[in-house]
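Written out below as structure tokens is the structure these notes cover.
The values are calculated or read from the model by the stated rules, or taken from the named source; none is laboratory data. This structure is a prediction, so every number in the text was calculated from the model and none was measured. Note that each Cβ is placed from the backbone with ideal geometry, even for glycine, and that neighbours are counted across all protein chains shown. Keep in mind that these areas ignore ligands, DNA and RNA; they rest on the heavy atoms of the full protein, side chains included. Shrake-Rupley method; radii C 1.70, N 1.55, O 1.52, S 1.80 Å.
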Amino acid sequence: MSIKKTIQNLLSQEDLNFLLTNRIPRNTLTRFIGWFSKIENPLIAYASIKIWQFFSALDLTEAKDTHFKSMHACFTRELKPDARPIHQDPDVLNSPCDALVGAFGQVKDGEVFQAKGFPYTIKDLIPIPSLAMQYDGCDYVTLRLTSSMYHRFHSPSSMRMKRVTYISGDTWNVNPIALKRVERLFCKNERAVLECELTDQNGLDTGATLTIVPVAAILVASIRLHCLNLLLHLKYQGPNTIECDVQFNRGEEMGWFQHGSTIIVFAPSNYRLLENLKLGDAIRMGEPLFSKLN
């Protein structure tokens, strides 16, 4: 058995994986990696990316650039033009990111799930009562970005972002092992609530609210939104609620994570998650995720 396979088998053991990725000084390590990843040194960047490739399925064949001045530049890499075709049906909401489909379903009595048997309340995740209450009976999906995936996220439809609410927090790992062990994990981690209104082809509000919640994690406590001239991270001091009025076209880039994490999407009441999606399915940015009810 190869060294790589041996290490992967060891790391796949749940107790060891949880210990190594959670029972450590999470925030301190996250700040260190944030600093280290931005070092612009060709040797450090090359060695770091090679080690990353050794431990993951990192594939850079779709990357716009093939040489990176830092590991951070590789984390936040752009893709070649047309690498992600955008589904154009106006009655469909696309996936905002490359991801694995996690927990999904319908918000019932204000409750959603992070994993089987592990519920949490939408009010704990979205601390805006008037917004959270809108989604009772609506569909949601959790999209998990692995470390090797494309880390930028895009607009699922034509829409206008009205408000950003930033919630500082912990940096628990968001892999399936942690989700089965840490209750209300998403509600504990650093995150941003992006409150959006779907718009028609003329840019007029349709009255349908779409909420996207990017959740940070260990090594990933950094969320960049292009429409804001600031970086949301563990040292950010506020303001926590930022009013905005930014129009996005379908498929337009909204921002990025520094590494990989999770995005939770809450659809308007007149949309339903596609029936063919299953737990663990891989989905790409721009592919259909929700469809409008007739």
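Entry remark, the range 115-143: residues being at pLDDT 95 or above, touching a Gly at 6+ places or on another chain (Cβ under 9 Å) and closer than 23 Å to Asp98 by Cα number 5 in total.
Residues of the range 32-79 being within 24 Å of Asn175 (Cα to Cα), at pLDDT 85 or above, part of a loop (DSSP other than H, G, I, E, B) and open to solvent by less than 50 Å² (accessible area, probe 1.4 Å), which ones? Of everything in the range 32-79, those that are within 24 Å of Asn175 (Cα to Cα), at pLDDT 85 or above, part of a loop (DSSP other than H, G, I, E, B) and open to solvent by less than 50 Å² (accessible area, probe 1.4 Å) turn out to be Leu58, Leu60, Thr76, Arg77.
Out of the residues in the range 257-290 meeting the condition of being in a strand (DSSP E or B) and either touching a helix residue (DSSP H, G or I) at 6+ places or on another chain (Cβ under 6 Å) or open to solvent by 30 Å² or more (accessible area, probe 1.4 Å) (or both), tell me which one is nearest to Ala57 (Cα to Cα). Going through the qualifying residues, I end up with Ala282. Within the range 175-189, residues that are without any contact (Cβ under 8 Å) to a residue 40 or more places away in the chain sit with their Cβ atoms under 6 Å from residues that are in a strand (DSSP E or B) and open to solvent by 10 Å² or more (accessible area, probe 1.4 Å), at 6+ positions apart or across chains, in these pairs: Lys188/Asp170; Asn189/Asp170. Restricting the search to strands (runs of 3 or more DSSP E) fully inside the range 124-167 and requiring at least 2 residues that are closer than 30 Å to Asp59 by Cα, out of contact with any Lys or Arg (no Cβ under 7 Å at 6 or more places or on another chain) and of a type outside the set (Val, Ile, Thr) gives 139-144, 152-154. Set side by side, the residues Arg224, Arg184, Arg191 differ, and just one is under 18 Å from the mean Cα position of the chain (by Cα) and more than 25 Å from Thr76 (Cα to Cα), which is Arg184.
Residue-by-condition table, conditions (1) open to solvent by 60 Å² or more (accessible area, probe 1.4 Å); (2) of a type in the set (Ser, Thr, Tyr):
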position: Leu131; (1), (2): no, no
position: Tyr135; (1), (2): no, yes
position: Tyr140; (1), (2): no, yes
position: Met149; (1), (2): no, no
position: Pro156; (1), (2): no, no
position: Thr165; (1), (2): no, yes
position: Asn175; (1), (2): no, no
position: Glu183; (1), (2): yes, no
position: Lys188; (1), (2): yes, no
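Scanning the range 105-123 for residues that are over 11 Å from Phe266 (Cβ atoms), open to solvent by 10 Å² or more (accessible area, probe 1.4 Å) and part of a strand (DSSP E or B) yields Gly105, Lys108, Glu111, Phe113, Ala115, Phe118, Pro119, Thr121. Filtering the range 190-202 to residues that are crowded, with 22+ Cβ neighbours inside 10 Å and part of a loop (DSSP other than H, G, I, E, B) leaves only Glu190.
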